[in-house]
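Some notes on the structure that comes next.
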Amino acid sequence: MCSSDLRIDASTKNISYPAALAILKPTTSEKIKKINFSKGLDAKITLDGPLAYKTIPLVKVNFSTIDNDMVTPVITFNNSSFKGSFINQVNNKLPLTDDNSRVIIDSFVSKWGDIELEGKNIMITNLLHPVIQFQFYSQCSLPQLDDALSSETIRLINGDAKLYLAYNGPLIADPSLLNQLDASIIIHNGKIVYVPRSIMFSNCNGNIKIAGNNLLVDSFKCDLNTNHFVVNIVGDHLNRISSKEPGK
């Protein structure tokens, strides 16, 4: 390292999120502000680079937190515990720029409402035009899922569910995100009420899938009074449902 270069290694406990962002250049921090935390993070920060005017040092940040709330334009997580890292040069053959930066979150456990979630492969890349990818898994009761969905049409009264949710696309709150969403809800022994007609379906069992803005229900079984049904549904362009309410 030449004399005009600088290397700083620093560790801090419970650094506030605004203070952590202040370490980064304004254009980078402005992009990351799309993700907000309710309290501070523990962080180890390394700055390595020249001192010349208008130069950008290599920035590496390792961070962790326990029982933190994380709000993104796509989804809100509560009581989150995780470890992660930031670097502003993913490819060392390219400049230290926003589109060569990355945030990775590991060991993620959290809540979506009352639903316990485990996250994998959570990463935000290209902070010039941020792209987020993640996978989430959960097992929960249908009443817990009902609280999280807050549907005015369907009430989930009883039963159990397994959830899978994956997304790889722009970090936006817009119905177009459904084009990059894959989701699966496996329902076991459920009771579901269709609110507009006050119709209750019991002994509900089956899998509901959303993939690439399309809906697929394959051989979903349920009872209505003494009648037994096997339901198959195919639907497309789901984002039209919320096109008049961006972010819903």
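The values are calculated or read from the model by the stated rules, or taken from the named source; none is laboratory data. All values reported here derive from a predicted model rather than from experimental measurement. Cβ: placed from backbone, ideal geometry, glycine included. Neighbour counts: every protein chain shown. Calculation scope for accessible area: heavy atoms of the full protein, side chains included, ligands and nucleic acids excluded. Shrake-Rupley method; radii C 1.70, N 1.55, O 1.52, S 1.80 Å.
So here's what we get for this one:
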{"read-out": "Index of the failed condition, Asp98 passing every other in (1) of a type in the set (D, E, K, R); (2) open to solvent by less than 60 Å² (accessible area, probe 1.4 Å); (3) within 19 Å of Thr76 (Cβ to Cβ)", "value": "(3)"}
{"read-out": "Checklist (1) open to solvent by 20 Å² or more (accessible area, probe 1.4 Å); (2) closer than 24 Å to Gly40 by Cβ applied to Ile105, failing item", "value": "(1)"}
{"read-out": "Within the range 76-98, considering residues that are among the charged types (D, E, K, R) and over 20 Å from the mean Cα position of the chain (by Cα), the one farthest from Ile56 (Cα to Cα)", "value": "Lys93"}
{"read-out": "Qualifying residue in the range 130-140 (condition: in contact (Cβ under 8 Å) with a residue 12 or more places away in the chain, open to solvent by less than 70 Å² (accessible area, probe 1.4 Å) and under 21 Å from Val195 (Cβ atoms))", "value": "yes"}
{"read-out": "Failed criterion for Leu47 (all others in (1) in a helix (DSSP H, G or I); (2) modelled with pLDDT of 75 or more hold)", "value": "(1)"}
{"read-out": "Residue pairs meeting the criteria (Cβ under 6 Å; at least 6 apart or on separate chains; first in contact (Cβ under 8 Å) with a residue 60 or more places away in the chain and within 14 Å of Ala183 (Cα to Cα), in the range 160-171; second among the charged types (D, E, K, R) and part of a strand (DSSP E or B))", "value": "none"}
{"read-out": "Unique residue being open to solvent by 60 Å² or more (accessible area, probe 1.4 Å), within 21 Å of Tyr167 (Cβ to Cβ) and modelled with pLDDT under 80 when the list is Lys13, Lys33, Lys25, Lys54", "value": "Lys33"}
{"read-out": "Residue match in the range 69-92 (condition: open to solvent by 40 Å² or more (accessible area, probe 1.4 Å), part of a strand (DSSP E or B), out of contact with any Asp or Glu (no Cβ under 6 Å at 6 or more places or on another chain) and modelled with pLDDT of 90 or more)", "value": "yes"}
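This table checks each residue for (1) open to solvent by 30 Å² or more (accessible area, probe 1.4 Å); (2) touching a Cys at 6+ places or on another chain (Cβ under 8 Å); (3) closer than 29 Å to Val103 by Cα.
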{"site": "Leu163", "(1), (2), (3)": "no, yes, yes"}
{"site": "Ala166", "(1), (2), (3)": "no, no, yes"}
{"site": "Pro170", "(1), (2), (3)": "yes, no, yes"}
{"site": "Val195", "(1), (2), (3)": "yes, no, no"}
{"site": "Ile199", "(1), (2), (3)": "yes, no, no"}
{"site": "Ile210", "(1), (2), (3)": "yes, no, yes"}
{"site": "Leu216", "(1), (2), (3)": "yes, no, no"}
{"site": "Phe229", "(1), (2), (3)": "yes, yes, no"}
